[in-house]
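See below for the structure under consideration.
The values are calculated or read from the model by the stated rules, or taken from the named source; none is laboratory data. Remember, it's a predicted structure, so these values are computed and weren't measured experimentally. Cβ atoms come from the backbone with ideal geometry, glycine included; neighbour counts cover every protein chain shown. These accessible areas exclude ligands, DNA and RNA; they are computed on the full protein's heavy atoms, side chains included. Shrake-Rupley method; radii C 1.70, N 1.55, O 1.52, S 1.80 Å.
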Amino acid sequence: MNAPVKPGAVSAGALLIPLPDPAIRFEQVGKTYPGRRGQQPVAALAGIDLDVPAGSILGVIGRSGAGKSTLIRLVNGLERATSGRILIEGEDVTGLNEAGWRRQRRQIGMIFQHFNLLSSRTVFDNVALPLEIAGTPRAAIAAKVERLLALVGLADKSARYPSELSGGQKQRVGIARALATDPKVLLCDEATSALDPETTRSILALLRQVNRELGITILLITHEIPVIKEICDRVAVIEGGRIVEQGETFSVFTDPQHPTTARFVEAVTGVEVPAHLEGQIRAEARDGDSLVLRITFTGENATAPVISRLSSVVGVDVNILAGRIDAIAGQPFGSLLVSVPSRLPESDAVLGALKSLGLKAEVIGHVS
Ligand SMILES: Nc1ncnc2c1ncn2[C@@H]1O[C@H](COP(=O)(O)OP(=O)(O)OP(=O)(O)O)[C@@H](O)[C@H]1O
Ligand SMILES: [Mg+2]
């Protein structure tokens, strides 16, 4: 802890560097849709406070109807907030008129779940469209489109029509089109939800490349937790129009605070009790029982030979029931279900040793 700085004194260690503006900032944003024909108004979003740091990939996850699409549509002016402020690179866009939004939208690319390509235009002409609208000269358009198609791996598909492409290829065209006007921000509304898992991974890898190589900030929304795990630096969990939890992906996944977050991340971080043991696990111990523990490892611990150290340090047999080692936002994370003797003092020694190794252990119960 630094000593408090006396009035008039200069803190030698504290160099004050102003933080860069976030690419996008939501300040107490609310959105209420007017009720349709005699229906009550729908409060889709309320009190949204969220920063999307410049250069980051931030994912918003939530169930159907949580308000995800509304949130993203506020950023490109397809919907208008009913309260609060939205700032893009420090500029308040909340009160922009249509002309202001047209200018603003050139800085913002968007891709969609169903790609939204024009079927009567070739791949080339789909990517060229935003440049034509912006009045870019023909020769410059050709050079730009060829560069973008090479970037997304479709240099040889320039003259094809959308109907001749796979879903993954269509989304690559969507990405090339979104990048045509050199946006600073890319918005992705369920961009991989219509794709199979392998194609999803290849599109996510392309998005990460776009983020890292071109420095484009990405705000994506999804209901699929693997998408967040794979590429997001930060995550926000939305429920009933409110953000219930947000933070760095790794810390949110490994230590969720809200029950909704816990349910989402369990699918990618948890290990299930094997079927043959289900129903046999009891809260109370009986003579000769084994204690079932869930051990979670994070960061460098995930790769340490934990089990062998437990056996050698405590001298008990550790039986592995189930486990997984994975990476979350590029950092290793593991989860193991083990059984150890439940009699004292061995069980206490095991728990003590786990603690001294810096591992989180949770008692699941006892089995005979
Ligand atoms: N134009 C509209 N008029 C009235 N209500 C709307 C409108 N658009 C969305 N809503 C309502 O606002 C709430 C949030 O909708 P939104 O589409 O933002 O959710 P979502 O999280 O994107 O859902 P999904 O995962 O199904 O796409 C829902 O209750 C929805 O019915
Ligand atoms: Mg939606």
Practice problem: For Leu219, Leu117, Leu19, Leu351, write out the residues from largest to smallest accessible area, computed with a 1.4 angstrom probe and no ligands counted. | Solution: Leu19, Leu351, Leu117, Leu219
Practice problem: Determine which aspartates and glutamates satisfy two conditions relative to Lys184: a Cα distance under 14 Å, and not lying fewer than 8 residues away in the same chain. | Solution: Asp21, Glu89, Glu91, Glu213
Exercise. Leaving ligands, DNA and RNA out of it, work out the accessible area of His114 with a 1.4 Å probe and give it in Å² to the nearest 10.
Key: 120
Exercise. Work out the FRET efficiency for Glu272 and Gln28 from their Cβ-Cβ distance, taking R0 = 45 Å, and round it to the nearest 0.05.
Key: 0.65
Quiz item: Tell me which aspartates and glutamates have Cα within less than 16 Å of Lys31's Cα, excluding those fewer than 8 residues away on the same chain?
Solution: Asp49, Glu79, Glu239
Quiz item: So how do Leu78, Leu337 rank on accessible area, 1.4 Å probe, biggest first, that is with the largest at the start?
Solution: Leu78, Leu337
Quiz item: Where the only charges are on Cβ atoms (+1 Lys, Arg; -1 Asp, Glu), what is the dipole of the chain about its Cα centre, to the nearest 20 debye?
Solution: 1240
Quiz item: So how much slack lies between Asn116 and Ile281, counting 0.36 nm per residue of separation and subtracting their Cα-Cα distance, in nm?
Solution: 54.3 nm
Quiz item: So what's the net charge close to Ser69: Lys and Arg +1, Asp and Glu -1, counting the other residues with Cβ under 14 Å from its Cβ?
Solution: +1
Quiz item: For the stretch 69-145, with only Lys/Arg (+1) and Asp/Glu (-1) charged at the beta-carbon, what is the dipole magnitude about the Cα centre, in debye rounded to 20?
Solution: 120
Quiz item: When DSSP assigns beta bridges and you keep just the ones with both residues in the stretch 15-268, what percent turn out antiparallel, to the nearest 5?
Solution: 50
Quiz item: For the stretch 275-367, what D do you get in µm² per second when you plug the Kirkwood radius from alpha-carbon pairs into Stokes-Einstein at 37 °C and 0.692 mPa s?
Solution: 241
Practice problem: Please find the FRET efficiency linking Ser308 to Arg208, where r is the Cβ-Cβ separation and R0 is fixed at 25 Å, and quote it to the nearest 0.05. | Solution: 0.10
Quiz item: So, counting K/R as plus one and D/E as minus one, what does the shell of residues with Cβ under 10 Å around Phe115 add up to?
Solution: +3
Self-check item: At 0.692 mPa s and 37 °C, Stokes diffusion of the stretch 76-226 via Kirkwood alpha-carbon radius, µm² per second
Solution: 203
Quiz item: Pairing the Cα long axis of helix 197-214 with the longest principal axis of the chain, what angle in degrees results, from 0 to 90 and rounded to the nearest 10?
Solution: 70
Self-check item: Ile111 long-range amide H proximity, modeled H, under 5 Å
Solution: Leu187, Cys188, Asp189
Practice problem: With the Cα gyration tensor of the stretch 15-268 in hand, convert its eigenvalues to equivalent ellipsoid semi-axes via √(5λ) and list them largest first in whole Å. | Solution: 30, 22, 19
Quiz prompt | Binned Cα-Cα distance frequencies in the stretch 70-124 - 5 Å width, integer % | solution = 4, 16, 27, 21, 12, 11, 6, 3, 0
Quiz item: What does the accessible area of Arg103 come to, in Å² to the nearest 10, when a probe of 1.4 Å is used?
Solution: 130
Practice problem: First select every other residue whose beta carbon is under 15 angstrom from the beta carbon of Val227; then total the charges, Lys and Arg +1, Asp and Glu -1. | Solution: -2
Exercise. Enter the accessible area of Glu91 (Å², nearest 10), with the probe set to 1.4 Å and all protein chains included.
Key: 70
